[in-house]
Amino acid sequence: MRACGVDPSGLRFAGSGPWALLTGCMETDMERSENTDNPTIEQYDQPTGGWGSVKSLLSHAKDEGMLASTLWATLQKQNKADGYQCVSCSWAKPAEPHTFEYCENGAKATIWETTPKRCDREFFAKHTVSELLEWTDHDLEKQGRLTTPMRYDRTLDQYVPVKWEDAFREIAAELNAIDPKSAVFYVSGRAALETSHMWQLMARIYGSNNLPDSSNMCHESTSVGLPESIGSPVGTVTLDDFDQCDMMFFFGHNTGTNAPRLLHWVQEARKRGAPVITFNPVLERGLMRFKNPQSPTEMLSPDEGTKMSSDYYQVRGGGDIAAMTGIAKAVFALDDAAQETGRPRVLDVDFIETHCHGFDEFERFVRQADWDEIVRCSGLPRDELEHVGRVYAKAEKVIGNYGMGLTQHRHGIENVQMLVNLLLMRGMMGKPGAGISPIRGHSNVQGQRTVGITEKLKLIPVEKFEEFYGFTVPKEDGLDTIGTCEGILDGSVKAFVALGGNFSRAIPDTARMEDAWRRMRLNVQISTKLNRNHLLTAEINYILPCIGRIERDTQASGPQTVSMEDSTACIHASFGHREPASRELLSEPKIVAELAKALVPGKSTVPWDEWVGDYAKVRDAIERAYPTDFRDFNKRMGTPGGFHRDIGASYREWRTESGKANFLTPDTFDVDPDIDTTSADVLRLITLRSNDQFNTTIYGYDDRLRGVFGTRMVILMNEEDMQRLGLRNDDRVDVQTHTDDGIVRKVEDYRVHAWAMPKGNCGGYYPELNALLPLWHHSKRAHVPAAKSIPVRLTKRGRQAAA
Ligand SMILES: Nc1nc2c(c(=O)[nH]1)N[C@H]1C(S)=C(S)[C@@H](COP(=O)(O)OP(=O)(O)OC[C@H]3O[C@@H](n4cnc5c(=O)[nH]c(N)nc54)[C@H](O)[C@@H]3O)O[C@H]1N2
Ligand SMILES: Nc1nc2c(c(=O)[nH]1)N[C@H]1C(S)=C(S)[C@@H](COP(=O)(O)OP(=O)(O)OC[C@H]3O[C@@H](n4cnc5c(=O)[nH]c(N)nc54)[C@H](O)[C@@H]3O)O[C@H]1N2
Ligand SMILES: [Mo]
């Protein structure tokens with residue numbers, strides 16, 4: 001049975017919402033598909049949220065052996081001004097939070113971090129690394145929280161405990177024995193602003209700007225694209241704008257799974273009658289139907305929940321520039337008609353004249369574009385795109401939301417810039433209720449960039465760092481994620497030090513990268529849970545376990561607060577309250593400070609001990625380096641809803657070279673230069689996240705919102721493509737990348753299943769499919785791997801691939 005045994009009808013509510021049922025429900029019998037022998041796949045047709053959400057969460061808690069009362073007490077503090085910021089996604093936190101300011105997936109992330117399970121020294125004594133390498137991602141992290149610093153012992157093929165001070169001394173000695181340019185300091189997007197600022201200073205003092213972060217695989221297309229367009233590296237909207245908008249676009253974001261709290265604002269907008277227009281090759285339930293699990297009335301109502309997208313367009317993967325060109329073309333036609341009949345203009349002519357640059361070229365491109373080509377590349381009919389144009393032309397306050405469906409492409413930057421063009425033509429930028437909204441991933445990935453985590457020198461205040469701390473910042477750009485991978489492959493990168501994440505699993509070309517990884521000298525992983533990257537042993541390896549954000553962090557001056565920046569550029573304090581998972585754990589700032597003291601003693605005037613004794617001093621240092629964004633940092637960080645950074649574009653101050661908002665016209669809407677469109681057998685594979693995963697962390701084998709239960713080894717594809725390729729549901733296939741670089745990239749024994757998806761596309765889960773993604777297949781300038789567009793061929797098992 002997959003249900004938790006709660007009958008939604010006839011329930012009485014003790015508290016102010018169905019989550020109040022948590023305590024009672026924990027005792028009921030719940031089961032998930034831990035058993036992967038009998039998977040079932042059937043497209044899900046229930047609303048997102050609703051009872052499915054409650055059941056899923058409860059079953060996860062039960063599975064981790066969590067006490068209902070403990071979980072309940074913890075969740076009360078999630079996303080509250082006096083509590084901790086959720087460790088899952090980076091969606092904004094309102095000034096007046098709900099009693100339950102969390103979602104199913106945020107709560108799952110909390111359960112995952114606060115689990116009573118422990119991956120301790122006894123565990124490592126029982127298992128060799130070779131044995132653990134055979135385990136799945138799920139089983140590795142499922143062992144629970146890491147408790148003890150460990151060093152790899154090659155003769156035993158095991159991790160064995162090491163004293164913290166020995167670990168710091170030995171790691172520092174290793175790093176000091178090599179050229180700093182051959183060491184890399186990776187950051188996954190979770191570490192706080194304080195830790196991140198210290199981390200990048202440590203790396204630069206040591207002599208390396210090699211600071212790749214998860215953002216390089218994620219929203220780097222935004223970080224490169226938006227500054228060129230509007231002079232801001234981040235989005236321009238805040239929650240106030242969401243409260244006011246009268247229309248929204250969603251391009252390539254799976255909101256129901258990846259930022260579920262945002263659904264509340266979408267639902268409110270829909271209730272106000274605002275159209276929500278979605279472009280996504282996959283029908284994602286969250287943007288179709290939603291029931292608010294916080295609302296008893298909605299939960300008990302037999303209806304199907306709110307219709308979230310007024311219109312949902314299954315654009316062909318990579319077809320967004322074509323689709324947006326079609327919409328823009330329709331807007332120009334409406335504007336022409338308005339001029340002919342003397343009605344008000346549809347274009348915001350004043351805005352374009354006063355604020356914009358490059359409009360004429362954009363207009364030429366759109367007017368010259370051929371409808372047949374638009375229809376062919378987008379896969380959408382002309383009259384539908386014209387309909388969108390009419391809806392858009394009527395709206396006054398429009399927000400353009402987007403996610404990985406735009407950024408993870410060869411033309412990721414152009415995708416982002418085209419959405420900006422679409423907004424600019426109607427003046428939808430820098431006024432209340434309107435703007436661009438990149439929906440960011442990790443809970444502090446945006447903030448890390450703000451305080452100096454970047455390989456690009458032009459993005460940091462070099463002179464200030466040098467003046468404040470008396471050292472010389474190396475004067476050439478460092479390595480980003482792609483550069484790091486290339487360096488590991490060619491042997492020039494010798495040491496990898498990670499502040500969180502699971503780099504080797506998240507990157508492209510995983511099989512090749514894993515082999516190369518073992519040739520490195522040093523692999524250091526600061527982390528909370530065991531993952532595959534710990535097991536890919538270099539010559540010397542350390543696991544340094546840290547306390548998590550939900551846990552109490554006590555230093556010399558007492559309990560500490562940290563801070564992070566959300567997707568809308570608001571900065572919040574976060575205060576952990578739970579007992580740390582083990583007494584041996586150190587906080588992330590403490591680990592960075594101790595490592596820095598061992599690595600770069602006397603090489604700067606950074607007062608590491610003083611900073612780590614009182615994180616408020618690190619915040620003062622951040623304010624000193626970035627005075628505009630962080631004015632009165634310590635005072636303002638408790639502001640309910642966070643304090644907003646200074647984003648010029650949100651009030652029409654364009655910090656671009658032209659001093660204007662730039663229309664940046666794409667060369668072409670050709671979908672992907674690497675895909676061989678002449679061969680009908682080549683499909684474009686879109687790598688997806690399931691509802692039971694956070695990036696490489698696999699909570700379980702169910703993707704409830706898509707109706708896939710008990711397996712991740714599945715390729716979802718268009719039914720006509722299946723027929724053409726002679727495939728039926730549940731047939732087994734091998735999947736091979738279609739390239740001519742002489743490297744065979746293949747995954748075996750996947751099951752295929754028909755899915756509502758455009759012809760020529762297919763979908764499957766990341767990170768397992770990363771073995772198929774060539775390292776060179778990335779956005780040209782942003783270097784974001786094109787994870788949404790991998791050319792593949794399928795071969796039925798037991799049969800040779802069609803030539
Ligand atoms: N629960 C949970 N929450 C998360 C994460 C998680 O793994 N689990 N990850 C976090 C992180 S780091 C990030 S970056 C975000 C990711 O959140 P998303 O940006 O939603 O990323 P994906 O899950 O990769 O899904 C992207 C969506 O784009 C669609 N898509 C694919 N190709 C195209 C295309 O060519 N055009 C269009 N229009 N759409 C396309 C896909 O069908 C999918 O619905 O979520 C964050 N939040
Ligand atoms: N094919 C394909 N590849 C992709 C993507 C895709 O859509 N498709 N998405 C890309 C994106 S958007 C991203 S962001 C990357 C994600 O790449 P990463 O950020 O590198 O990966 P995560 O899976 O988030 O990292 C999980 C690990 O982080 C550690 N961890 C968790 N919490 C903490 C903490 O508080 N402190 C510390 N120090 N460690 C902690 C745990 O040990 C856990 O095993 O993957 C990218 N790769
Ligand atoms: Mo991400």
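Derivation of every value follows stated rules applied to the coordinates shown; laboratory data play no part. This one's a predicted model, so the numbers in the text were calculated from it and none came from an experiment. Cβ placement follows ideal geometry from the backbone for every residue including glycine, while neighbour counts extend to all protein chains displayed.
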To make sure I understand the rule: partners must be aspartates and glutamates, Cα under 13 Å from the Cα of Lys181, and not fewer than 8 residues away in the same chain. Which ones qualify? Glu455, Glu476, Asp477, Asp480
Report the charge-dipole magnitude of the range 595-666 in Debye, nearest 20, computed about the Cα centre from +1 at each Lys and Arg Cβ and -1 at each Asp and Glu Cβ. 120
Under the 7 Å Cα-to-Cβ spin-label approximation, Ser69 and His387 lie apart by a distance in nanometres of 5.5
How big is the gap, in Å, between the Cα center of the range 227-257 and the Cα center of the range 437-495? 26
Pop the C-beta distance of Lys456 and Glu361 into the FRET formula with R0 = 30 Å and round what comes out to the nearest 0.05. 0.65
Going by C-beta contacts inside 10 Å, put Asp63, Asp632, Asp509 in order with the fewest on the left. Asp632, Asp63, Asp509
Under 18 Å between alpha carbons, and skipping anything fewer than 8 positions from Lys431 in its own chain: which aspartates and glutamates qualify? Asp240, Asp241, Asp243, Asp246, Asp348, Asp350, Glu353, Glu396, Asp646, Glu653
For the range 220-442, with +1 on Lys and Arg beta carbons and -1 on Asp and Glu, the positive-most of Pro432, Met404, Gly389 along the dipole: Met404
What's the center-to-center distance, using Cα atoms, between the range 549-628 and the range 505-533 in Å? 26
When only DSSP loop residues count, what trypsin sites (Lys or Arg not before Pro) in the range 340-400 have their Cβ near at most 16 other Cβ atoms within 10 Å? Arg345
Distance between modelled label sites at Lys475 and Asp676, nm, 7 Å Cα→Cβ extension: 4.8
Where nothing but the Cβ of Lys and Arg (+1) and of Asp and Glu (-1) is charged, how large is the charge dipole of the chain around its Cα centre, in debye to the nearest 20? 860
Fewest-first ranking of Lys788, Lys597, Lys126, using other Cβ atoms within 10 Å as the exposure measure: Lys126, Lys597, Lys788
Determine the dipole magnitude for the range 309-440: charges of +1 sit on the beta-carbon of Lys and Arg, -1 on that of Asp and Glu, nothing else is charged, the reference point is the Cα centre, and the result goes in debye to the nearest 20. 420
What residues qualify as long-range amide H neighbours of Asp731, i.e. H under 5 Å apart, gap of 5 or more or another chain, H built at 1.01 Å from N? Val752
Based only on other Cβ atoms within 10 Å, what is the fewest-to-most ordering of Lys464, Lys181? Lys464, Lys181
Relative contact order of the range 198-337, please, whole-number percent, based on alpha carbon pairs below 8 angstrom and at least 6 residues apart. 17
Gyration tensor verdict on the chain (Cα atoms; rounded if a/c is under 1.5, prolate if a/b is larger than b/c, oblate otherwise): rounded
Counting other C-beta atoms within 10 Å, and keeping those with at most 16, which DSSP coil chymotrypsin sites (Phe, Trp or Tyr not before Pro) do you find in the range 129-191? Trp135
Relative contact order [Cα under 8 Å, 6+ residues apart], the range 220-442, whole percent: 32
For a quick check of your reading of the filter: which trypsin sites (Lys or Arg not before Pro) in the range 625-657 sit in a DSSP loop and have no more than 15 other Cβ atoms within 10 Å? Arg631, Arg655
